[in-house]
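The values are calculated or read from the model by the stated rules, or taken from the named source; none is laboratory data. Everything quoted here is computed from the prediction, not taken from an experiment. Cβ atoms come from the backbone with ideal geometry, glycine included; neighbour counts cover every protein chain shown. Accessible surface is based on the protein model in full, side chains and every heavy atom, while ligands, DNA and RNA are left aside. Shrake-Rupley method; radii C 1.70, N 1.55, O 1.52, S 1.80 Å.
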Amino acid sequence: MSYVHGYTDSETRRLSEQADTLSTLLHGGTSYPMGARVLEVGCGVGGQTVHLVAASPGAHIVAVDISADSLARARTRVAASVPEADVEWHHADLHDLPFPDESFDHLFVCFVLEHLGDPERVLADLARLLRPGGTITVIEGDHGSAVFHPDSAPAHVAIDCLVTLQAAAGGDALIGRRLQPLLAGAGYTEVDVRTRTVYADATRPEWVDGFTRKTFIAMVESVRGEALATGLITRDDWDRGIADLLRTAADGGTFHYTFFRGTAVRGTAVRTPVG
C-alpha cells in the first residue's frame, strides 16, 4: 500500500479539511448502535474517526492504520474534538490485522481501497472479521468524475498526472465506479452503492473553499514534484493546469465531483486469507 499524496503537515490539513467539509454528505446515514464494535480500517489522521464517534457515541470504535505518525495525529485530533470518545487504536497493516474472526459488528473503510493493488482480496479478507449479519460501509471517490467550468484541457492533464502516479504506485484513483463489482466479487451480499455528489459554485462558497480549493485542487497539487520529476508534464503546462483549476473556484466557475458509498452484508461464505 503506497500513499501517493505523502505524509506531510499540508496533507494532514487537507485530509482534515476534506473530512469536515464532506462530513454531512459522506456520513449521512452512517451511525452505529450502542455497544456495537466497529472497525475503521485505515483511519489515517482521524479525519473520518471524529465524525464516526460523533454520530455513534455509544459504539466502540477500533481504528487501525499502517502509519504510526498518522495514528498519533488521529489520537490527538479525536482527543481534542471528542474527549469522551470510546476509541481503541492499533498500529497494523490491513493485510495482517491482529483481530480474531467474527470480532466486529461493522466495518468502515473510507478512501482506502484507492491506494491498494488488491482491493477485492482485501475486502474478502476483511469479511472474516465480521460477525454473521455484520455490515461493511465503503466510501471512495473517482477522479474521472470531475466536471468543471470553464473546462480546460491543461486542467484535465494535471488531474491525469495524479491518476497516472496513483496507478504507478499500485492504486486506482478511478475506483469509485468499481465499488459494486468489488464488493460483490469479494462475497458480500445485499450490496447497495449510491452516489454522493459535490457541486460547488459562487452560491455555495463553503463548498468552493472547503472542497474545490482545499480538498480537490490541494490533492492534485500534492503530486506536483513527482509529476515534474517523472516527466509526466512540463512546469509551464502544470502551472497552466493548476491556474485553470483555480479559475473554477472563482466567480463564474463551477465544480462537480462524485463520491460512491457502498454498504453490504457479510455473505455466508467467507474467503480464507492466503499466506
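Data overview
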{"item": "Net +/- balance of residues flanking D239 in space, Cβ distance below 15 Å, scoring K and R +1, D and E -1", "result": "0"}
{"item": "Sequence-distant residues sharing a close amide H with V62 (under 5 Å, placed H)", "result": "V38, L39, E40, E88"}
{"item": "Calculated FRET value between S103 and A250, using beta carbons and R₀ = 45 Å, to 0.05", "result": "0.35"}
{"item": "Given (i) 76, 72, 45; (ii) 53, 39, 34; (iii) 59, 45, 33, the label whose value is Cα extents along the principal axes in Å derived from this model", "result": "(ii)"}
{"item": "DSSP-defined beta bridges in the chain - what % are antiparallel, rounded to 5", "result": "50"}
{"item": "Nearest-ten-degree value, helix 235-247 long axis tilted from longest Cα axis of the chain", "result": "80"}
{"item": "In Å², nearest 10: area of D251 left accessible to a 1.4 Å probe", "result": "130"}
{"item": "For the range 158-274: rounded, prolate or oblate by the Cα gyration tensor [a/c cutoff 1.5]", "result": "oblate"}
{"item": "The range 23-39 and the range 199-223: distance between their alpha carbon centers, rounded to Å", "result": "25"}
{"item": "For H143, net neighbour charge (Lys/Arg +1, Asp/Glu -1) across residues whose Cβ lies under 11 Å away", "result": "-4"}
{"item": "The chain, accessible area per residue, ligands and nucleic acids excluded (1.4 Å, Å²)", "result": "42"}
{"item": "Under Karplus coefficients 6.51, -1.76 and 1.60, residue-wise ³J(HN,Hα) of the range 219-234 in Hz, glycine/proline x", "result": "5, 5, 4, 5, 9, 3, x, 6, 4, 6, 5, 8, x, 5, 7, 7"}
{"item": "Percent carbon-and-sulfur accessible area, the chain, ignoring ligands, DNA and RNA, probe 1.4 Å", "result": "52"}
{"item": "Cα gyration tensor shape for the range 22-127, rounded if a/c is under 1.5, else prolate or oblate", "result": "rounded"}
{"item": "Backbone HN-Hα couplings from phi across the range 87-98 [Karplus 6.51/-1.76/1.60, Hz, Gly and Pro as x]", "result": "10, 10, 9, 9, 8, 7, 8, 5, 7, 8, 7, x"}
{"item": "Neighbour net charge for L97 - beta-carbon separation under 10 angstrom, K R +1, D E -1", "result": "-2"}
{"item": "Top of F255, F99, F216 by mean-square fluctuation, Gaussian network on the chain, Cα under 10 Å", "result": "F99"}
{"item": "Residues with amide H under 5 Å from that of L116, placed H, sequence gap 5 or more", "result": "D172"}
{"item": "Residue-wise HN-Hα coupling along the range 65-74, computed from phi with Karplus coefficients 6.51, -1.76, 1.60 (Hz; x: Gly, Pro)", "result": "8, 7, 9, 5, 5, 4, 4, 5, 5, 5"}
{"item": "Size of charge dipole - the range 8-162 - debye, nearest 20, with Cβ of Lys, Arg +1 and Asp, Glu -1, no other charges", "result": "380"}
{"item": "Tilt relative to the chain, helix 9-27 - C-alpha long axis, 0 to 90 degrees, to 10", "result": "70"}
